[in-house]
Amino acid sequence: MLQRVALLQRAVLHSPAIRSLSSGSVDITAPLNFWGGKRRESKERNNVENVYEPSTGRVLCKLAPCGAAEVDQAVEVAKSAFGPWSKMSGMERARVMIEAAHIIEKRREEIAEMEVVNNGKSITEARLDVDSARLCIEYYAGLSSTLAGQHVQLPGGSFAYTRREPLGVCVGIGAWNYPFQIAAWKSAPALACGNTMVFKPSPVTPVTAVMLAEIYDEAGSPQGLFNVVQGGQQTGSLLCHHPDVAKVSFTGSVPTGQKIMKTASKGVKPVTLELGGKSPLLIFEDSDLENAVRGALMANFLSQGQVCSNGTRVFVQKDILHKFVNEVVKRTQAIEIGDPLLESTKMGALVNRTHLEKVLAFVDQAKKEGATVLCGGEPFIPSDPKLRHGYYMTPCVLVNCRDDMTCVREEIFGPVMSVLSFETEEEVLERANDTTMGLAAGVFTRDVQRAHRVIEHLKAGSCFINNYNITPVEVPFGGFKMSGIGRENGQVTIEHYSQLKTVYVEMGDVDSLF
């Protein structure tokens, strides 16, 4: 607990709005908003809600949502910053972004520790999230000076050319499972293209996005380049409806994504949607069993299972089912659960009590429908009394699952692995694709031909061969079907944050029909 108190005291130094309480929790007397180069108050004090620290259950902060006035102010400063930022050369923008990446690197431990307090994941995973954020900003800084159009030679010496131009003020709406990383994943390509951004974190994990805003500001960006407004669906709706917003990028649930798409359509605004998943992981009998087990654990228990791309439908070929399940159960039972700030912890807390109860209810429903729990699926109470009100559960392995079970059909978003058996390649492909989702899929096999043949037939946007949940910033990430539209990361994302202008140049006389 002393480590946690020290962390929160360090946060006080970066924000006069935060004060340390004797109980070890934190009270944020002003919301964690940021625009125009400084933190801002929200005038909407009627809907203040408590935000809880996942690992202890203590009140972490009190959050007041931004209303129409605050959204207008944030968008206005972003609009003002768009002029100077969009007129900079790509190299000039790159210098600011590289400096921001350097600051993140210097503050890596502080940001990671605060993300642990914010989200509940282990410190090891939080460091990887911070690294991913830094690498993403570095990657798009490198691309910002390479944005180019095409030259098309036409008859008679005439020609045409295209140019990539920024959109304007973009809105990013983040999810609670990767708060700091998602803020970077959305802002980096937007800023590289010359846009500005207003970002709304999840109200469940509001703390770390404002740290990124301060870092961009410290790096020398124009005031208003990256702004943060806090709030829930109402604040998000205000942002999406705003007439000065040119684009919306959202990560979260399918129902919310559908609402955002409908709202954005009224202004014919482009959207990027990274939504849910119910991804299949196919393990064939010739797989390297050690790697297959490791992959299945990564595909289900990373970030307490709170990952949209998780391969939670684990299809195992019948001949190796017994060996695979025994090894998975043994390793699952050995996962150390507890204080996420400790180096030894492998699994921290789920994000809040409501979500914990939802995940546990899925396990109960699976048992009612005939699935067998081989391990886990229960609340976990750490030995440390300071953590006993945190939101922990034991990772769960379900067998005897059927394709029609709720645990197989619906996204659980928790540490619950559903194991199903199969006999033939044709059979498992049909079953794997039998879902409205299409975010990710994976296959483990030593047969190279089969690996590529299977991947070709899997209806998912992000696929893995002999690994899982690897998301380098250079590689596009996104889904098919109801898992979303557009991509995060990779060069293709530049197209989502820019618009193409075509210019025709006549070098001769006008050949008129009139």
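For the reader, a short list of remarks on this structure follows.
- Subset of the stretch 51-79 that is assigned to a strand (DSSP E or B) and over 23 Å from the mean Cα position of the chain (by Cα) - its residue that is modelled with the lowest pLDDT: 62
- Failed item, numbered, when residue 380 is tested on (1) surrounded by 19 or more Cβ atoms within 10 Å (Cβ to Cβ); (2) within 27 Å of the chain's Cα centre (by Cα): (1)
- Residue in the stretch 108-115 that is farther than 30 Å from residue 356 by Cα, surrounded by fewer than 16 Cβ atoms within 10 Å (Cβ to Cβ) and without any contact (Cβ under 8 Å) to a residue 24 or more places away in the chain present: no
- Only a single item in (1) polar (S, T, N, Q); (2) under 27 Å from the mean Cα position of the chain (by Cα); (3) at pLDDT below 95 is not met by residue 466, and it is number (3).
- Odd one out for residue 149, checked against (1) out of contact with any Phe, Trp or Tyr (no Cβ under 8 Å at 6 or more places or on another chain); (2) surrounded by fewer than 24 Cβ atoms within 10 Å (Cβ to Cβ): (1)
- Number of the exception - residue 386 against (1) over 17 Å from residue 299 (Cβ atoms); (2) basic (Lys, Arg); (3) under 28 Å from the mean Cα position of the chain (by Cα): (3)
- The stretch 446-466: number of residues that are surrounded by 22 or more Cβ atoms within 10 Å (Cβ to Cβ) and under 13 Å from residue 284 (Cα atoms): 1
- The set of residues in the stretch 389-439 that are within 21 Å of the chain's Cα centre (by Cα) and either surrounded by fewer than 22 Cβ atoms within 10 Å (Cβ to Cβ) or not assigned by TED's automatic domain parsing to the domain that holds residue 325 (or both) comprises 410, 411, 436.
- Residue match in the stretch 305-312 (condition: in a helix (DSSP H, G or I) and not hydroxyl-bearing (Ser, Thr, Tyr)): yes
Results for (1) closer than 24 Å to residue 64 by Cα; (2) at pLDDT 95 or above; (3) among the aliphatic types (A, V, I, L, M); (4) surrounded by 24 or more Cβ atoms within 10 Å (Cβ to Cβ), shown as yes or no for each residue.
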| residue | (1), (2), (3), (4) |
| --- | --- |
| 154 | no, yes, yes, no |
| 180 | yes, yes, no, yes |
| 190 | no, yes, yes, yes |
| 198 | yes, yes, yes, yes |
| 208 | yes, yes, no, yes |
| 226 | yes, yes, no, yes |
| 236 | yes, yes, no, yes |
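- Top-ranked residue of the stretch 241-287 - restricted to ones that are out of contact with any helix residue (DSSP H, G or I) (no Cβ under 6 Å at 6 or more places or on another chain), of a type in the set (D, E, K, R) and in a loop (DSSP other than H, G, I, E, B), ranked as farthest from residue 166 (Cα to Cα): 286
- Residue in the stretch 487-498 that is under 25 Å from residue 306 (Cβ atoms), buried (at least 18 other Cβ atoms within 10 Å of the Cβ) and hydroxyl-bearing (Ser, Thr, Tyr) present: yes
- Yes/no for residue 238 being assigned to a helix (DSSP H, G or I), out of contact with any strand residue (DSSP E or B) (no Cβ under 8 Å at 6 or more places or on another chain) and either of a type in the set (Lys, Arg) or within 28 Å of residue 207 (Cα to Cα) (or both): yes
- Scanning the stretch 285-301 for residues that are in contact (Cβ under 8 Å) with a residue 60 or more places away in the chain, under 25 Å from residue 438 (Cα atoms) and surrounded by fewer than 21 Cβ atoms within 10 Å (Cβ to Cβ) gives 291, 298.
The values are calculated or read from the model by the stated rules, or taken from the named source; none is laboratory data. Values in this document were obtained by computation on a predicted structure and should not be read as measured data. Neighbour counts are summed over all protein chains in view; Cβ atoms, including those assigned to glycine, are modelled from backbone coordinates with ideal geometry.
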